[in-house]
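Input: a single structure, listed below in structure tokens.
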Amino acid sequence: MPVDIPAPTGQTVAAGGPMNGPPTNSANSQAELPSAALAAWVSGGVFLLYCLYLPFSGYSEMVYDALGYWTLTERFFHAGHFSLLAYDDTLRGYLLPLLNLPAKAIAHFTGAEPLLLTRLMGAGWAALLFGWLAPALWLTLFPRHRLGWPPRVAFAALGFLFWRDYFNFVLSDFPALAMLLLALRLSLQRPGLLRAILTGACLMAASNIRPIYLLAVPAVALLALVSAAYRQRLLVLTGMVVGGTLLSGPQLLMNGRHHGIWTPLVLSRDTRLPTANLYLTQLGWGVVIQKYETSLDPAFPAPRMLYPDPAGQALLQRLGSRHFSGYGAYAATVLGEPLAFATLYGRHLFNGLDVQYPTPFVRAVPQRSNLLMGLHYSVWFGALAMLGAAFRHWRQSGAWRVALVVLALGLPCLASLPIAVECRFLLPLHLLLYAVTCFGGAQWQLAQPRWSWAKAGLLAAGYGLFLLLCFRLSAQTQAQLTHDVTVLAPLGGTKAQR
């Protein structure tokens, strides 16, 4: 989306705003590496960094969800023989366990430590996502931009600082997001049958790995269709359907064979839960829990790190029930208490963005870095500043492409707000903020800045107030930390449902 930012001299610098880059200086461009070479070097550096770091990150075994994902590969085997359709899990899709199967086989036949293999896989996902895929999607969306070393390294550094220990494990979050970003990039490129098939396949891969990404399908499909010429749209739609069918077909056969439910979607069911439906159960938890984390700290009494919401608990008292019998009942409750739920979602949004630990399994609960928290809040402020400048100089040309990409990334995050949120649930939004700050900020032209003292002071004051507010909100949440699971129990020990 082209924007014009007034230059300090009073002239107009075309496309010089944070969301669209200036025309490339020929002398500088000759000295720079091509974009593909830069991406290769940064990706290689990211891979090497994680390979060197992860063995010393302090983990000696897989636990909880990580162990569950690792052992899911065993469901492909029946009576000692591999069969794709033998997979029968109702909670998680088949694709991620299938991707993990080669590593599982190597560990089985060679006796290699599983964490050695999962760390190599994690380093590969980190290099793919932070080194190549996210910058490539940005450049596809804003083709006039130039991303040199500093913005690419800054983006990768933010990913390392805030998410590094996740890559020890075969969790679903980063692979699913990588598939979604790849589908978005393919949908923005020159259409063709093969590219459309790959787009559909990547899109269904993302939703099979993390079913909530199914919400991104309409936005990506629309993006692919409007990116194509009118006469090519039927071809693109056909290709996407074919690609999606190829990925979701096995899931359809598995569901029908083992559970009698003929759907290509992941069932997302767990009979151990009060409602069997995972998301519906999470909606009940989300009323009273504003954030959830997992502890490995021996000094903490239990693995569950629960952050209750006093306002949500008061709301629960008014509702007289914790569980919802269906989505209609939940929607009716929200419409009956719109202000209460709006503020509840706002708290979930802040806490889902407020990364306190760079790991899914916290080894030392008290170890929170105020410096890193301040850096994270500064990134948010920078992203908001970039977006504000872009909005002020918005033009309509190409805006629909940006809007559809943001919609595809935002809808899964929006659907995560009502539940007991974990920071990884808002991962697309995290990376979007990092990209706007690092990649958008790289497009500013500040060769002759002429900031008035008033503007500079106003910006500094706004930044200071923003940091103060963020630290205050974070402290309020941290003060609620408990391991007491009785906050999740139905009121009065009953199982009344709404």
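The values are calculated or read from the model by the stated rules, or taken from the named source; none is laboratory data. Predicted, not measured: the structure shown is a model, and the values here were computed from it. Positions of Cβ are generated from backbone atoms using ideal geometry, with glycine treated the same way; all protein chains shown enter the neighbour counts. We work out accessible area using only protein heavy atoms, side chains counted, and drop any ligands, DNA or RNA first. Shrake-Rupley method; radii C 1.70, N 1.55, O 1.52, S 1.80 Å.
Assorted remarks:
- Evaluation of Asn208 against (1) touching a residue at least 60 places away in the same chain (Cβ under 8 Å); (2) part of a helix (DSSP H, G or I); (3) open to solvent by 30 Å² or more (accessible area, probe 1.4 Å); (4) under 27 Å from Pro418 (Cα atoms) (one fails), failing number: (3)
- Complete set of residues in segment 253-272 that are of a type in the set (Ser, Thr, Tyr) and within 30 Å of Pro358 (Cα to Cα): Ser268
- Residue check for Leu387: open to solvent by 50 Å² or more (accessible area, probe 1.4 Å) and under 30 Å from Ala403 (Cβ atoms): yes
- Selection from segment 37-62 of residues that are more than 13 Å from Gly122 (Cβ to Cβ) and among the small types (Gly, Ala, Ser): Ala37, Ala39, Ala40, Ser43, Gly44, Gly45, Gly58, Ser60
- Of all the criteria given as (1) modelled with pLDDT under 95; (2) buried (at least 23 other Cβ atoms within 10 Å of the Cβ), the one not satisfied by Leu139 is (2).
- Residue in segment 103-126 that is closer than 20 Å to Ala37 by Cβ and open to solvent by 40 Å² or more (accessible area, probe 1.4 Å) present: no
- Of all residues in segment 227-265 being in contact with a Pro (Cβ under 7 Å, 6 or more places away or on another chain), among the hydrophobic types (A, V, I, L, M, F, W, C) and open to solvent by less than 30 Å² (accessible area, probe 1.4 Å), the one that is farthest from Ala196 (Cα to Cα): Ala228
- Search result, residues across segment 406-422 that are closer than 21 Å to Thr343 by Cα and either open to solvent by 10 Å² or more (accessible area, probe 1.4 Å) or not in a helix (DSSP H, G or I) (or both): Gly410, Leu411, Leu414, Ala415, Leu417, Pro418, Ile419, Ala420, Val421, Glu422
- Pairs linking a residue in segment 452-463 that is closer than 18 Å to Ser378 by Cα to a residue that is in a helix (DSSP H, G or I), with Cβ atoms under 7 Å and 6 or more positions apart or on different chains, are Tyr463/Phe381.
- Of all residues in segment 244-272 being outside any loop (DSSP other than H, G, I, E, B) and under 23 Å from the mean Cα position of the chain (by Cα), the one that is farthest from Leu182 (Cα to Cα): Arg269
- If the condition is being without any contact (Cβ under 8 Å) to a residue 24 or more places away in the chain and over 23 Å from Gly122 (Cβ atoms), then segment 138-183 contributes only Pro143.
- Among residues that are without any contact (Cβ under 8 Å) to a residue 60 or more places away in the chain, part of a helix (DSSP H, G or I), open to solvent by 50 Å² or more (accessible area, probe 1.4 Å) and touching a helix residue (DSSP H, G or I) at 6+ places or on another chain (Cβ under 6 Å), Leu214 is included.
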